[in-house]
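Report on one structure; see the data block that follows.
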Amino acid sequence: MQELVFIESEDLNCEPFTTDEVIAEFSGNSRDSVTRLIRNYQDDLKEFGKLGFEIRPMPSGQKAKVFHLNQQQATLLITYLDNTEPVRLFKKELVKQFFTMEFELNARRLERSNGKIKRIKLTDAIKQAGFSVHFYKHFTDLVYKKALGFNAKQLREARGAKPKATPLDFLTTKEQAAVNQIEELTTGLILLGRSYDDIKLILNVGVVIYQTTLKIPEKAH
């Protein structure tokens, strides 16, 4: 079946959602009837979180309000629909997709949690070795380049992260694991008393651990 569950960005802290458009299309109901239910029962829905929405341009040139519903809100709303065969099939698929999305996000969060521990060890090692504050960025970019083939700025731009956001919150599980591996290696080399240039030379031997693919947005001229 078509994709039913979405996230607003690749930030692992985002909450998965579906839309009133999706519910209408795959439950066999009109969009007007679904949005009417949302408005009629919005107090009930808000008990399970903020009722999000986006304003989307329509082919007619007008703009439409598209509601975002989290798993609990969508599940509750579906109980207000007639229990027809399309509704039952849609409900099962929606539950599966929400579960899959949450499973993937939790896997990323777990790997990210492991990464925070390794990051602390790396920054502690940099400090203990007497490197200047500028080397925190140098080592960070070195780790990202060796692990993924891109530096921190490129990762932020490609994943739509804010300038001061950590790129680590926007990595896949495999990408985060690669970063963790290189951070651990870098920490060990620093503790052995190696210089930045030595570490850079050592890390540049061989291939990138997990060469990810990024689409860097083009800048307006």
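The values are calculated or read from the model by the stated rules, or taken from the named source; none is laboratory data. Given the structure is predicted, the values throughout are model-derived calculations rather than measurements. Neighbour counts run over all protein chains shown; Cβ positions are idealised from the backbone, glycine included.
Things worth noting here:
- Residue that is farthest from GLU175 (Cα to Cα) [pool: residues in segment 1-32 that are among the small types (Gly, Ala, Ser) and surrounded by fewer than 15 Cβ atoms within 10 Å (Cβ to Cβ)]: SER30
- Counted residues, segment 158-175 - those being assigned to a helix (DSSP H, G or I) and under 14 Å from ASP141 (Cβ atoms): 2
Each row is one residue, and each column tells you yes or no for (1) in a helix (DSSP H, G or I); (2) of a type in the set (D, E, K, R); (3) crowded, with 16+ Cβ neighbours inside 10 Å; (4) under 24 Å from the mean Cα position of the chain (by Cα).
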| site | (1), (2), (3), (4) |
| --- | --- |
| GLU111 | yes, yes, yes, yes |
| GLY115 | yes, no, yes, yes |
| LYS127 | yes, yes, no, no |
| PHE131 | no, no, yes, no |
| ALA177 | yes, no, yes, yes |
| GLN181 | yes, no, yes, yes |
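- Subset of segment 183-209 (residues that are part of a loop (DSSP other than H, G, I, E, B), hydrophobic (A, V, I, L, M, F, W, C) and either loosely packed, with under 14 Cβ neighbours inside 10 Å or assigned by TED's automatic domain parsing to the domain that holds PHE131 (or both)): LEU192, VAL205, VAL207
- Residue satisfying condition, being β-branched (Val, Ile, Thr), free of Cβ contacts under 8 Å to residues at least 40 places away in the same chain and farther than 28 Å from THR172 by Cα, within set ILE78, ILE55: ILE55
- Among residues that are under 16 Å from CYS14 (Cβ atoms), surrounded by fewer than 18 Cβ atoms within 10 Å (Cβ to Cβ) and either hydroxyl-bearing (Ser, Thr, Tyr) or at pLDDT 95 or above (or both), THR172 is included.
- Residues satisfying the stated conditions in segment 30-82, i.e. more than 28 Å from the chain's Cα centre (by Cα), within 20 Å of LYS96 (Cβ to Cβ) and not β-branched (Val, Ile, Thr): LEU81
- Top-ranked residue of segment 63-109 - restricted to ones that are acidic (Asp, Glu) and surrounded by fewer than 13 Cβ atoms within 10 Å (Cβ to Cβ), ranked as modelled with the lowest pLDDT: ASP82
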